[in-house]
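Below: the structure, in C-alpha cells.
The values are calculated or read from the model by the stated rules, or taken from the named source; none is laboratory data. Fair warning: this is a prediction, and the values are worked out from it, not measured in the lab. Using ideal geometry, Cβ is built from the backbone for each residue, glycine included, and neighbour counts are taken over all protein chains shown. We work out accessible area using only protein heavy atoms, side chains counted, and drop any ligands, DNA or RNA first. Shrake-Rupley method; radii C 1.70, N 1.55, O 1.52, S 1.80 Å.
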Amino acid sequence: MEIIIAVIVGISGLVVGFIITSTVLKKNIEKKSENIIKEAEEKGEVIKKEKILQAKEKFLQLKTEHDKIVQERNSTIQKIENRLNQKETSLSQKFEELQRKQKEIDTVRQNLTAQLDLISKKQSELDKMHKRQVEALEAISNLSASEAKAQLIETLQDEAKSEAMSHISEIVDEAKLTANREAKKIIIETIQRTATEHAMENSVSVFNIENDEIKGRIIGREGRNIRTLEAITGVEIIIDDSPDAIILSSFDPVRREIARQSLHKLVTDGRIHPARIEEVVAKTKKQIELDIVESGKRATIDLGIHGMHHELVRLVGKMKYRSSYGQNLLQHSKEVANLCATMAAELGLNPKLAKRAGLLHDIGKVPDDEPELPHALHGMKLAEKFKEKPEVCNAIGSHHDEIDMDNLISPVVQVCDAISGARPGARREVVAAYIQRLNKLEELALAYPGVVKTYAIQAGRELRVIVGAEKVSDAESAKISYDLSKKIQDEMTYPGQIKITVIRETRAINYAK
C-alpha cells in the first residue's frame, strides 16, 4: 500500500514538475519572442530611416543635375537669342544699305537713259549724214557701196596672199638651210665622238683540226660519235674532203657555238665517246648560258644602264652570238646606244633613255622561240612585257617604220641604227652578191618606160634614175620614184635603206657662130 502511495506521489510530483517546467519555458519563450520582435522592429525602424535618407540624397542629387541641365539649356537658348538679335540688327542695316544703293542706281539709270536718248538722236543724225555722203560718193564713182567694198576686199586679199607666200617661202628656205646645217653638225659630231671598231667579228661556223686522224675519232665507230654529237647539239656536222676543217651548220648561232666549244674540249681532252660527249655538251651549255648572262650584264654596266629586267639582260647577252652581214649584233647595239646618247644630248633629250632604247632596239633578232612578227615588233612586245617605258618600246618597234613614231627618241634610234650599219667597214658582203644587188637595182629602174639611164652609187645606198624630159612629166617622175621604192622593198633584200632620186631636166643648146 505504501508502495502504491509512493508511486502515486512520485507520479504526481512528476506531473506537477512537468507543468511547472512547461509554464516556466513558455514564459521564457514568450519573453524571447517579445525581445526578438522588439529587436526586429528596432532594426526595421533603423533600415527605414536609412532608406528614407538615401532616397532624400538621391532626390537632391537628381534635382541638382536637373537644375544644371535646365541652366545649360537656358544659357544656350540665351546665346541663340543673342545671335538672332545680332543677325536681325545686321540684316536691318544691310537692308537699309540696299535701299540706299537702289535709290542711287535708280538715279544713275535715269541719267543713263537720258544720255542714251541723246546719243540715239546724234547717231540718227550721223547715219543720215553718212547716207548722204555715200550717195554722193556713189554718184561720183558710178559704183555702189557694196561693189566698192567687194573690190577693196579682193585687192587686199590678193596683196595679203602675195606677201604671205613671199614670207612663207623665205621662212621655209631659211628653216631648210638651218635644219640641214644643224642636222649635219649633230650627226658629224656624234660619229666623231663615238669610237668603235671598223670590222666586227662574225659567228664561227668552221672548226679547224690538226690532221685527218682527229676526223676519224670525231666520227667514231660506225659514226656513233658524230651522230651523238648532232643529236645532242642540234647542229649538222659536215665532214668532207676539206683539209683541216669541219663545217658546223645550224640556223641557231648559240647551238653552233655550243657544238664548236664542245668539239674543242673533246679534241683537247682526247676522250671521245657518246657518254663523254653528253657530259661535255651539258657542261658547255651551262657555260654558254652563264656567258650569255655575264655578257649582258657587262654590256649594261659598260653603258651605265641600270634597273633592266634580267630576261632583257639575258637577251642582250645572247646578241653576242648573232651577226648581221658580218657585224656582231651586240657590238652593233652597244654602238647604237652610244650614238643615241650622244645625239640625244646634242638635241636636249634624255640621253639615258635614248641609250637604253639603242641597246634594246634589236632584241627581237634573238628570240627564245620563232615568232612570225618582224624583229622590230617582236622586240617591242618583249620590252612591253618586261615593263620598259613607252618611249623605249615605241623606239624599238618603229626603227624600221613598222609602226608610227610618237616621241623624239624614236627617230634618234632609227638614225643611229642606220649610221652604225652604213659605216664603211661595219658590214661585209660577198663581192659577187654585192655586184648582183647593184645590177638588179639598175635593171629594176630600167624596166620603167621613159627611163634613159640608171646609176647605183654610194655602195648601193642611192639609185639615180635619169628620165627623158619629152617622155616623162614631173608628176610621172614622182610616181616612178615612189613605185620604184616600193618595188625594191618587195623584191630585194639589203641592209639599211636606199635613196631613189629621179632626175628630169630640159636642156636648150644653141651655138653662136
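Which order, highest average first, do 348-358, 482-492 follow once you tally other Cβ atoms within 10 Å for each residue and take the mean per peptide?
Details: 348-358: 22.1, 482-492: 13.2.
So the peptides 348-358, 482-492, ranked by packing, come out 348-358, 482-492.
Applying the Karplus parametrisation 6.51 cos²θ - 1.76 cosθ + 1.60 with θ = phi - 60° to the phi angles of the range 339-351, what ³J(HN,Hα) value in whole Hz is obtained for each residue in order, glycine and proline being reported as x?
Values, residue by residue: 4, 4, 4, 5, 5, 5, 5, 5, 8, x, 9, 7, x Hz.
Taking amide H atoms as placed 1.01 Å from N in the peptide plane, list the residues 5 or more away in sequence, or in a different chain, whose amide H sits under 5 Å from that of V452.
So V452 has HN proximity to I466, V467, G468.
Between K56 and D106, what is the spin-label point distance in nm, taking each point 7 Å from the Cα along the Cα→C-beta axis?
For the pair K56/D106, the computed spacing is 7.5 nm.
With respect to the cross-link table entries K283/K318; K318/K387; K32/K56, which display a Cα-Cα separation exceeding 25 Å? Working shown, then result.
Details: K283/K318 18 Å; K318/K387 20 Å; K32/K56 36 Å.
Violating the 25 Å limit, Cα to Cα: K32/K56.
Non-local amide H neighbours of Q327 (under 5 Å, H modeled in plane, Pro and chain starts lacking H): which ones?
Sorted by chain and number, the residues that satisfy this are R428.
Can you tell me the accessible area per residue over the range 1-149, all protein chains present, probe 1.4 angstrom, in square angstrom?
Values: 14170 Å² over 149 residues.
That works out to 95 Å² per residue.
Among L116, L347, what's the order by accessible area (1.4 angstrom probe), most exposed first?
On the way: L116 110, L347 85 Å².
Largest to smallest exposure gives the sequence L116, L347.
Spelling out what I want: for every residue of the range 76-86, take phi, set θ = phi - 60°, compute 6.51 cos²θ - 1.76 cosθ + 1.60 (Karplus), and round to whole Hz; glycine and proline get x.
4, 4, 5, 5, 4, 4, 5, 5, 4, 5, 5
Could you give the length gained by full extension between E45 and D127, i.e. 0.36 nm per residue of separation minus their alpha carbon distance, to one decimal place? Show your work: numbers first, answer last.
Values: separation 82, 0.36 × 82 = 29.52 nm, distance 11.72 nm.
Value of the extension gain: 17.8 nm.
Multiply the residue separation of K297 and A245 by 0.36 nm, subtract the distance between their alpha-carbon atoms, and state the gained length in nm to one decimal. Walk me through the numbers on the way to the answer.
Details: separation 52, 0.36 × 52 = 18.72 nm, distance 3.40 nm.
Answer, rounded to one decimal: 15.3 nm.
Please work out the Cα center distance from the range 439-513 to the range 275-309, rounded to the nearest Å.
So the two Cα centres are separated by 49 Å.
Once phi is turned into ³J(HN,Hα) by the Karplus curve 6.51 cos²θ - 1.76 cosθ + 1.60 with θ = phi - 60°, what whole-Hz value does each residue of the range 14-22 show in order, with x for glycine and proline?
The phi angles translate into 4, 5, 5, x, 5, 5, 5, 4, 4 Hz.
Can you compute the modelled spin-label distance between K352 and E96, with each label point 7 Å from Cα toward Cβ, in nm?
Once both label points are built, they end up 7.1 nm from each other.
Please report the net charge: other residues with Cβ closer than 13 Å to the Cβ of N35, K and R +1, D and E -1.
Working: positive: K27, K31, K32, K38, K43; negative: E30, E34, E39, E41, E42.
Summing Lys and Arg as +1 and Asp and Glu as -1 gives 0.
Which residues' amide hydrogens lie under 5 Å from the amide hydrogen of I500, considering only partners 5 or more residues apart or on another chain, with H built in the peptide plane?
L463
If we count every other residue with Cβ under 12 angstrom of G307's Cβ, Lys/Arg +1 and Asp/Glu -1, where does the sum land?
+3
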